[in-house]
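Working notes for the structure below.
Bear in mind that the values in this text are calculations on the coordinates, not laboratory data. No experiment lies behind these values; they were computed from the predicted model shown. We place every Cβ from the backbone using ideal geometry, glycine too, and count neighbours over all the protein chains shown.
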Amino acid sequence: MTLTNWAGNTAFRASAVHHPSSLDELRRLVAAGTRVRALGSGHSFNDVADTTGDLVILDRMPDAVEIDSAAARVRVPARTTYARLAAHLNEHGFALANMASLPHISVAGSVATGTHGSGDRIPGLAAAVSALDLVTADGSTLTLARGDADFPGAVVALGALGVVTSLTLDLVPAFELRQYVREGLPVEALAHFDEIMAAGHSVSLFTDWRETRVWLKRADALDEADWYGTRPADRPRHPLPTMPADPCTQQLGVPGPWHERLPHFRADFEPSGAGNELQSELILPREHAVKALRELYAIGERIRPVLQISEVRTIAADDLWLSPFHGRDSVGIHFTWVKDPEAVRPVLELVEETLAPFEPRPHWGKLFTRWPACPERFRSLVRRLDPAGKFGNDFTRVLLGE
């Protein structure tokens, strides 16, 4: 049976797939290998995790989650999913500041590729990492913590430095949210983009570049009166207007715990139809948001034939070298495409060309054709920790200019 990524558009070419059950076994595998990559939950749409050598999956490694209540931090195995982690944290009175739309994804893979949620004052998921442990090229272990010189280069690192085995994350007290869906946002309301995106703990715009809805996740009740020209949804909604809302988290303003509102999708729902899609996302400086969105609305007729839905989110800046949000408050413009790579590619290229004046950066785990410049300090870090390129693959070699 061929091992593929989430969408099935990438078949892994590994000569061997390993499932180590202990740190010692993993260290021996890494030390003996000439080409090694680690695979998380596979929720990527390109070959970022591919290798022609040894593919390591940590699904049989110990999975104990260790909460340090006094420090408000948690140490989690790399394999842990956000769904499992969030429920455990909530039971102990803690929360993560934010979550991605899908809680089924692994912590390590999400962090390594710069995955994020939404929130004006909330950075991407990787910014919550205060320390990480990894197995390096010779099989030894290395711990890096916030404040170490190499730490900002090792968090969002695309697997290029070693196999991450655990991460320590910052926590906040558990909290409750309500989720609302507002429909019919007029294009003219983009003049109030900042106010709209600041109206909740987490806010998303879902659009096909003709009709737009707002998903608000906020602590207090929202006045159901007219709100920027929208109307309240009369029943729960799915991000895709034609899909039933059964897999989605509770809406209609019903209060509930953070981990059952921040993701768009329920943790107890097995996304059996998931993967029937391709995804891209471009990250722009926040100050370009309104102009960039207007440009996309203007070419909506060319986007829609291969589009399922787009999502617009805001993300606060961080200091991680390869993060799409490094040094700038950002807006992420996401595209869920139909599963037809040949039809999607020219439209993706059109979108990239349209957004090129706005300094876009790609989400590392999704489809893109224009590569950003790689920081020289990250190249130097890779050369120092992995001089023989053991953790490299086609994806990282293009990034590093090798």
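The table that follows gives values for the structure above.
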item: Estimated 222 nm signal from helices in the chain, with DSSP H stretches of n ≥ 4 weighted -39500 (n - 2.57), rounded to 500; result: -5500 deg cm²/dmol
item: At most 12 other Cβ within 10 Å, DSSP loop - GluC sites (Glu not before Pro), the range 220-299; result: 224
item: Within a Gaussian network of the chain (alpha carbon springs, distance under 10 Å), most fluctuating of 323, 21, 280; result: 21
item: Amide H contacts of residue 38 (H built 1.01 Å from N, under 5 Å, at least 5 apart or other chain); result: 56
item: At R0 = 30 Å, FRET efficiency that the Cβ-Cβ distance of residue 32 and residue 59 yields, to 0.05; result: 0.90
item: Helix 23-32 vs. the chain, principal-axis angle (Cα, 0 to 90°, nearest 10); result: 70 degrees
item: Candidates 258, 321, 371: whichever shows maximal mean-square fluctuation once the chain is modelled as a Gaussian network with Cα springs under 10 Å; result: 371
item: Likely footprinting exposure, 234, 133, 194, fewest C-beta neighbours within 10 Å first; result: 234, 194, 133
item: Candidates 223, 120, 63: whichever shows maximal mean-square fluctuation once the chain is modelled as a Gaussian network with Cα springs under 10 Å; result: 223
item: Segment residue 342-residue 376, extension gain: residue separation times 0.36 nm, minus the distance between their alpha carbons; result: 8.9 nm
item: Principal-axis tilt of helix 376-385 within the chain, Cα atoms, nearest 10 degrees; result: 40 degrees
item: Virtual spin-label span in nm between residue 87 and residue 24, 7 Å along Cα→Cβ; result: 3.3 nm
item: Extended-chain gain in nm, criterion 0.36 nm per residue less alpha-carbon gap, residue 143 and residue 170; result: 8.1 nm
item: Under-5 Å amide H pairs with residue 165, H placed in peptide plane, nonlocal only; result: 133, 134, 135
item: Förster-model FRET efficiency, 45 Å R0, residue 254 and residue 4, C-beta, rounded to 0.05; result: 0.75
item: Table column - 3J(HN,Hα) (Hz), the range 248-261, Karplus curve with 6.51, -1.76, 1.60, x for Gly and Pro; result: 8, 5, 4, 10, 6, x, 6, x, x, x, 3, 6, 9, 10
item: Which of 391, 265 has the fewest Cβ neighbours within 10 Å, and the rest in rising order; result: 265, 391
item: Between helix 289-298 and the chain: long-axis angle, C-alpha atoms, 0 to 90°, nearest 10; result: 70 degrees
item: FRET efficiency, residue 297 to residue 268 (Cβ-Cβ, R0 45 Å, nearest 0.05); result: 0.80
item: Kirkwood Rh in Å, taken over the range 16-57 so that all alpha-carbon pairs contribute; result: 10.8 Å
